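Take a look at the structure below.
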């Protein structure tokens, strides 16, 4: 019988300590485990290194003073090209950055997932990636071609957090949208792995909920599961819901202290209720303008 790995948000956050390297799945402002990210911010974890194809996960934790370094290929809100809180921290020089080519970061996760010290890759050669990462080294093919390649180091992670559409209690998980991103590699590259989900299903229901190729995680690569409906908000979790563009603009433009007091001072239930109240106010305003 499969082990029941259900946990609470608080129990997942208890696994994260100051100074850890935390991997966060998703892509930009898409399918981010935002309920878990918000909980880390509330817990005031400090000196974290984030490994992520970054979006509001980075911005929110940076704004709350939780992050020392970001390891990434980009930090974007997609429809807002530059994440504003990340941009301000970088402009102020208060945040360290390890910036790789997107493919190089993927290769680093792949190396860590396969317990390799590095993997050779062409990306980065002849670019400023090598200049801004002076610790990167090159290797030559041991075969007759002798090709020079970047030795992309493994990106090892202490704890990874990902969000999927459907998961069972053992950690088998399915994505229903168009892209798996690299959530499986984030899990395989980490020592501890936690999955939040829109809906928790029985294993039988999970098997029948989609084609086998969309089963992205299995129980051997997951240590804990949390059911968090709307837990990716305000990022997208297609097809359950799209990105909340209006709320994303609120996040990007609001005074941080005001945003924190309104949406982060309580727990996740308080956040969802506050968003619902804000949504109702916005709907009333738009009706008034239209009328």
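Structure summary
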quantity: Residue that is surrounded by the fewest Cβ atoms within 10 Å (Cβ to Cβ), among those in segment 101-118 that are in contact with a strand residue (DSSP E or B) (Cβ under 9 Å, 6 or more places away or on another chain) and without any contact (Cβ under 8 Å) to a residue 40 or more places away in the chain; calculated: 117
quantity: Residue 45 being touching a helix residue (DSSP H, G or I) at 6+ places or on another chain (Cβ under 9 Å), assigned by TED's automatic domain parsing to the domain that holds residue 72 and buried (at least 20 other Cβ atoms within 10 Å of the Cβ); calculated: yes
quantity: All positions within segment 83-100 that are loosely packed, with under 14 Cβ neighbours inside 10 Å and outside any strand (DSSP E or B); calculated: 91, 92, 93, 94
quantity: Odd one out for residue 269 among (1) in contact with a strand residue (DSSP E or B) (Cβ under 8 Å, 6 or more places away or on another chain); (2) modelled with pLDDT of 95 or more; calculated: (1)
quantity: Residue match in segment 73-81 (condition: closer than 24 Å to residue 188 by Cα, surrounded by fewer than 15 Cβ atoms within 10 Å (Cβ to Cβ) and over 12 Å from the mean Cα position of the chain (by Cα)); calculated: no
quantity: Options 31, 6: the member that is modelled with pLDDT of 95 or more and buried (at least 24 other Cβ atoms within 10 Å of the Cβ); calculated: 31
quantity: Hey, residue 23 in a loop (DSSP other than H, G, I, E, B) and modelled with pLDDT of 95 or more or not; calculated: no
quantity: Entirely in segment 189-286, the helices (runs of 4 or more DSSP H) that have 3 or more residues that are exposed (fewer than 14 other Cβ atoms within 10 Å of the Cβ), in the same structural domain as residue 166 (by TED's automatic domain parsing) and under 21 Å from the mean Cα position of the chain (by Cα); calculated: none
quantity: Within segment 134-150, tally of residues that are assigned to a loop (DSSP other than H, G, I, E, B) and surrounded by 17 or more Cβ atoms within 10 Å (Cβ to Cβ); calculated: 1
quantity: Count of residues meeting criterion [touching a residue at least 40 places away in the same chain (Cβ under 8 Å) and on the phi < 0 side of the Ramachandran plot] in segment 230-252; calculated: 16
quantity: Hits in segment 51-69 - residues which are surrounded by fewer than 24 Cβ atoms within 10 Å (Cβ to Cβ) and touching a strand residue (DSSP E or B) at 6+ places or on another chain (Cβ under 8 Å); calculated: 66, 68, 69
quantity: Residue 68 assigned to a strand (DSSP E or B) and modelled with pLDDT of 95 or more; calculated: yes
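For every residue, the table says whether it meets (1) part of a loop (DSSP other than H, G, I, E, B); (2) within 16 Å of the chain's Cα centre (by Cα); (3) in contact (Cβ under 8 Å) with a residue 60 or more places away in the chain.
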residue	(1), (2), (3)
152	no, no, no
155	yes, yes, yes
158	no, yes, yes
162	no, yes, yes
170	yes, no, yes
178	yes, no, yes
181	yes, yes, yes
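The values are calculated or read from the model by the stated rules, or taken from the named source; none is laboratory data. If you're wondering where the values come from, they're calculated on a predicted model, not measured in any experiment. So basically every Cβ, Gly included, is an ideal-geometry build from the backbone, and we count neighbours across all protein chains shown.
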